[in-house]
Amino acid sequence: MVGGVRLRSGVATDQAARETNEDTAWAADGLFVVADGMGGHEAGEVASRLAVEVVATLAGTGPTLDDVTHVVREAHRRVRELPAEGERRPGTTLTGVVVTEHAGVPCWVVLNVGDSRTYRMVGGMLEQLTRDHSEVAELVEQGLVAVEDAPRHPRRHVVTRVLGGASSNVDPELRMFPVSAGDRMVVCSDGLTDALPDARVQAVLRAERHPGAAADRLVREALAAGAQDNVTVVVVDALGVTPSPAGGRDPGMAR
C-alpha cells in the first residue's frame with residue numbers, strides 16, 4: 001500500500017538487436033519510471049541509470065508537482081556533468097508515474113521528458129498520457145506529417161527535450177489526476193512502440209491479467225516483430241484505493 005493505493009507491478013526488458021541495454025527502469029514504492037539512454041558506447045547506459053537513481057528519491061515521499069520538477073531538474077544537472085563521448089553528450093529520456101496524495105485524494109503524477117511513453121488503460125481502452133518530445137511529433141502537430149507516416153519518418157528518433165545534452169535547463173511535462181481502482185499504467189521505452197502499434201499493446205494488456213505477465217509478453221512480441229532498439233516495459237495495476245479520512249476536492253489536471 002502506497003499513498004492509499006494497493007499496487008501490483010511487473011517489469012521486463014531486453015537489449016534486442018543492440019550490443020548493450022541503455023534502458024533503466026524502477027518499479028517500487030509508488031514510483032514507476034523508464035529511462036532510455038543515448039550517447040554512444042556505455043554513455044547512454046550510465047546516463048539512464050544515473051537519472052533513475054536521482055529520481056528514485058521521490059519513491060514513497062508523496063511528492064508535490066514542484067518536488068517532481070526539482071528532482072527531474074537535478075537529474076538533468078547530474079547527467080550533464082557526465083563526460084562526453086567525443087562530440088556526443090550523454091543524455092536520456094525519462095517517463096513514468098509516481099503515486100502521491102492531493103487534498104486527501106490518492107493521485108498519479110505523470111512525468112515525461114523525451115519520447116519514451118506512459119499510457120493508462122481503463123475499461124480495456126488504452127490512452128497515451130504523454131506527448132513525444134520529438135521532431136516528428138512536432139511536425140505531426142503542425143500538420144506537416146501525417147500520423148500514419150510518423151512511425152516510418154527518418155527523423156522519428158530525434159528528440160527535442162532530454163535529460164543531459166546541450167540545454168542548461170529542462171522542465172518535465174507533468175500531469176496529475178486521481179487514481180481509480182482498476183487503472184493499469186504502462187511505462188515503456190520507444191523500443192516497444194516502434195515495434196508494436198498501440199492496438200496490439202492494448203490487446204496484450206487485455207489478455208494478460210498479471211502485470212508481470214503483460215510486461216513479459218509485450219517485450220516478447222516486440223522482439224518477434226523485429227525490435228531493433230532496447231525494449232523496456234513497466235506495467236502497474238491499481239488494485240484498490242483508500243482515500244484519507246479528510247477527503248478532498250478533485251485535483252484534476254495540472255501543467
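Just from its helices, what would the mean residue ellipticity at 222 nm be for the chain, if runs of 4 or more DSSP H residues each count -39500 (n - 2.57) and the sum is divided by every residue, rounded to the nearest 500 deg cm²/dmol?
Estimated from H runs of four or more residues: -8000 deg cm²/dmol.
On full extension of the chain, what length is gained from A213 through A225, given 0.36 nm per residue of separation minus the C-alpha to C-alpha distance?
2.5 nm
Quick one: Karplus J couplings for region 71-85, per residue in order, coefficients 6.51, -1.76, 1.60, θ = phi - 60°, nearest Hz, x for Gly and Pro?
5, 5, 4, 5, 4, 4, 4, 5, 5, 4, 7, 5, x, 6, 9
5 Å is the cut-off here: which amide hydrogens, built 1.01 Å from N in the peptide plane, fall below it relative to S134, excluding neighbours closer than 5 in sequence?
T160
Measuring from label point to label point, each 7 Å out along Cα→Cβ, what is the R200 to T242 span in nm?
Those two pseudo-labels are separated by 4.1 nm.
Using DSSP to call loops (not H, G, I, E or B), can you name the trypsin sites (Lys or Arg not before Pro) in region 195-236 whose Cβ has at most 16 other Cβ atoms within 10 angstrom?
Qualifying residues, ordered by number: R209.
What longest region of the chain stays clear of GluC sites (Glu not before Pro) that DSSP places outside H, G, I, E and B and that have at most 12 other Cβ atoms within 10 Å?
Between the exposed loop sites, the longest stretch runs 88-255.
Would you be so kind as to identify which of S244, T193, L7 lies farthest towards the positive end of the dipole of the chain, taking Lys and Arg as +1 and Asp and Glu as -1 on Cβ and the Cα centre as origin?
Comparing the listed Cα positions along the dipole, S244 ranks first.
When only Cα pairs under 8 Å and 6 or more residues apart are kept, what is the percent relative contact order across region 5-241?
RCO, region 5-241: 29 percent.
Specify whether the C-alpha gyration tensor of region 3-110 places it in the rounded, prolate or oblate class, a ≥ b ≥ c being the square roots of the eigenvalues: rounded for a/c under 1.5, otherwise prolate if a/b is larger than b/c and oblate if not.
Judged from the Cα gyration tensor, region 3-110 comes out oblate (a/c at least 1.5, b/c at or above a/b).
From the phi of every residue in region 186-194, what ³J(HN,Hα) in whole Hz does the Karplus formula 6.51 cos²θ - 1.76 cosθ + 1.60 yield, where θ is phi - 60° and glycine or proline is x?
10, 10, 8, 7, 6, x, 6, 6, 6
Could you list which residues have their amide H under 5 Å from that of V2, counting only those 5 or more apart in sequence or on another chain, with H placed in the peptide plane?
Long-range HN contacts for V2: L7.
All of the numbers you see were taken from the coordinates with simple rules; none came from a lab. Keep in mind that what you see is a predicted model, and the values were worked out from it rather than measured. Here Cβ is always computed from backbone atoms with ideal geometry, including for glycine, and neighbour counts include all displayed protein chains.
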